[in-house]
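Accompanying notes for the structure given below.
The values are calculated or read from the model by the stated rules, or taken from the named source; none is laboratory data. Just so it is clear, the structure is predicted and the values come from calculations on it, not from any experiment. Cβ atoms come from the backbone with ideal geometry, glycine included; neighbour counts cover every protein chain shown. Side chains included, ligands, DNA and RNA excluded: accessible areas come from the protein's heavy atoms. Shrake-Rupley method; radii C 1.70, N 1.55, O 1.52, S 1.80 Å.
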Amino acid sequence: MLARLDRQAGTCTVWLSPSAEDDEVRIDAAGLDSLAEHLSAAAADPDCHVVVLRSSCDSFCAGMNVEAAARSGADADRGARRYADVLRQLLSHPKLVIAAVDGAAYGGGVGLAAASDILLATEASCFGLPEITIGLLPAMVLPVLLERMPAQKARCLALTAAAYPARRALDVGLVDELVADQSALDKRITSLARMARRMPPGAVLHLKRFSNRLVGAGLSE
């Protein structure tokens, strides 16, 4: 996975792209390091009001390459811990974080999208947790999903390993807003960015901290 930061008119867009050996976005330790670096840069940028996470290819993110991770031993453990760190970074980011999903999101890709403040999806999107089919648990994704969805809905998504179309993902609470296509996605991002620019400095972070105290949610456990 490659990550590139694009700054424009108060919006920091982090573009996820496939590595040279992949044809879709696959999460790996190096990509997570780059993503974390860009998120930190956006947090420190006083001119940035919105962070948008999106993909440069036809799908959003296919999750981790499990087979490659299994071969890498200690590196896989580092990658898993780094992934949890990035989820925490997204959940506690001081700026408004928008995931703009246009295409498929699977496994860890669902977690990256769900850790945003607002998850926008097009009609062409779908979401799935296939981990159980190879004997794994989506252990770090589930705590994030439980902030968005009733527990039974999150369990059902994980147990069936089915790809939920965008409209069903909206119905169960995973997706916040559904738009028709990429053009509508761009317009909604522009609208949200315009709104965020009117907020006082620190307002987003204060709201997140207050909300977290109310629900007691987090990834620490």
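Kindly evaluate D58 against the criterion of being at pLDDT below 90 and open to solvent by 60 Å² or more (accessible area, probe 1.4 Å).
no
Looking at L146, L178, which is the one that is touching a residue at least 60 places away in the same chain (Cβ under 8 Å) and out of contact with any Gly (no Cβ under 7 Å at 6 or more places or on another chain)?
L146
Exactly one of (1) buried (at least 20 other Cβ atoms within 10 Å of the Cβ); (2) at pLDDT 95 or above is unmet by R26. Its number?
The one condition R26 does not meet is (2).
Can you name the residue in segment 129-143 that is touching a residue at least 12 places away in the same chain (Cβ under 8 Å) and more than 15 Å from A163 (Cβ to Cβ) and is also most open to solvent (accessible area, probe 1.4 Å) among such residues? Even if it seems obvious, please write down each step before you answer.
Filtering segment 129-143 down to residues touching a residue at least 12 places away in the same chain (Cβ under 8 Å) leaves 129-134, 136-138, 140-143.
When the remaining residues are screened for being more than 15 Å from A163 (Cβ to Cβ), the result is 134, 136-137, 140, 142-143.
Values: I134: 103, L136: 74, L137: 139, M140: 64, L142: 50, P143: 47 Å².
Within segment 129-143, the match that is most open to solvent (accessible area, probe 1.4 Å) is L137.
Looking at segment 4-28 only, could you name the residues that are within 20 Å of H49 (Cβ to Cβ) and hydrophobic (A, V, I, L, M, F, W, C)?
Within segment 4-28, L5, A9, C12, V14, W15 meet the criteria.
Sort out which residues of segment 159-188 are among the hydroxyl-bearing types (S, T, Y), more than 24 Å from W15 (Cβ to Cβ) and open to solvent by 60 Å² or more (accessible area, probe 1.4 Å), and write them in order of number.
The one that is among the hydroxyl-bearing types (S, T, Y), more than 24 Å from W15 (Cβ to Cβ) and open to solvent by 60 Å² or more (accessible area, probe 1.4 Å): T160.
Please pick out the residue among A163, A139, A154, A158 that is among the aliphatic types (A, V, I, L, M), over 25 Å from H49 (Cβ atoms) and in contact with a Cys (Cβ under 8 Å, 6 or more places away or on another chain).
The conditions single out A163.
Matching residues to (1) among the hydroxyl-bearing types (S, T, Y); (2) open to solvent by less than 20 Å² (accessible area, probe 1.4 Å); (3) closer than 30 Å to D45 by Cα; (4) outside any helix (DSSP H, G or I):
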| site | (1), (2), (3), (4) |
| --- | --- |
| L157 | no, yes, no, no |
| T190 | yes, no, yes, no |
| L205 | no, no, yes, no |
| R209 | no, no, yes, no |
